[in-house]
Amino acid sequence: MTFDLSKIEGLTEEQQAAIKAMHETETQGLVSKTQELLSETKTAKATASEQAQALEQARQAAVKAEEEKLLAEGKYKEAQELREQERAQLVAEAESKAKMAQENLEKYHKSTALNGALSLIHDDFKDVSSALLDSMIKIDYNEQGEALTKFMKDGNVVANSVDEFKSWAAEQDSFKRIMNGVNSSGAGSSNANGSAGATNDSAYELRLKQAGLI
């Protein structure tokens, strides 16, 4: 942010120049420190990844060496069991990573849909409606791996996108009173039925009741 120091009474040009120079120095210092921290974090992550990869390679090499030893000793059954254990572990690790990646992907798509739906809700009601909207959103995937967003109500699909949800919600008493620009008697409007001396908390509670949320 740039400040117009000339509007501050009593500051000489020399003082203004000194303040600007100090501000620029501090700003540059913060930028440099931020870049340094980001670089350190990136390096630490890369190092940790390399170490984990090296440990895994060492483990696999040790298993292979043990298997070759068992085969050399004629212990074929033990070697086969070791091979099967190793295969099972690798499969389990791959499935775990795939599951984690899938869960993170689903969280991303669900968060995107939730934020889109919340953008339709008046600010006064975002917090109280967030959990409800979250419970309505279901993410599926088609054969091509593309995300399919569904809004569910009582076990039925009511919308397949945020735009469709907007149209559906605008016709529902439980939503249209708290949506932006849908019902002039709902969120964002003055309370014609409230007394002139009502407190902010009382007015807010009344609006929640009018919206059917409490």
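So the values come out like this:
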item	result
Distance violations [Cα-Cα > 31 Å] among K45/K138; K20/K42; K45/K166; K138/K176; K64/K99	K45/K138; K20/K42; K45/K166
Rg/Rg_globular for the stretch 29-156, with Rg_globular taken as 2.2 N^0.38 Å and Rg from C-alpha atoms	1.75
Spin-label model distance (nm) - E36 vs T12, 7 Å beyond Cα toward Cβ	3.5
Inter-centroid distance (Cα atoms) of the stretch 102-134 relative to the stretch 29-48, Å	32
Gain on full stretching of the segment that runs from N115 to K20 - 0.36 nm per residue minus C-alpha separation	30.2 nm
Equivalent ellipsoid, the stretch 11-74 (semi-axes from 5 times Cα gyration tensor eigenvalues, Å)	61, 4, 4
FRET efficiency, 1/(1 + (r/R0)^6) with R0 45 Å, evaluated for S49 and A72 via beta carbons	0.80
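Since every read-out is calculated from the coordinates, none of them should be taken as a lab result. Every value quoted in this text rests on a predicted model; they were computed, and no experiment measured them. As a convention, Cβ positions derive from the backbone with ideal geometry for all residues, glycine included, and neighbour counts pool all protein chains shown.
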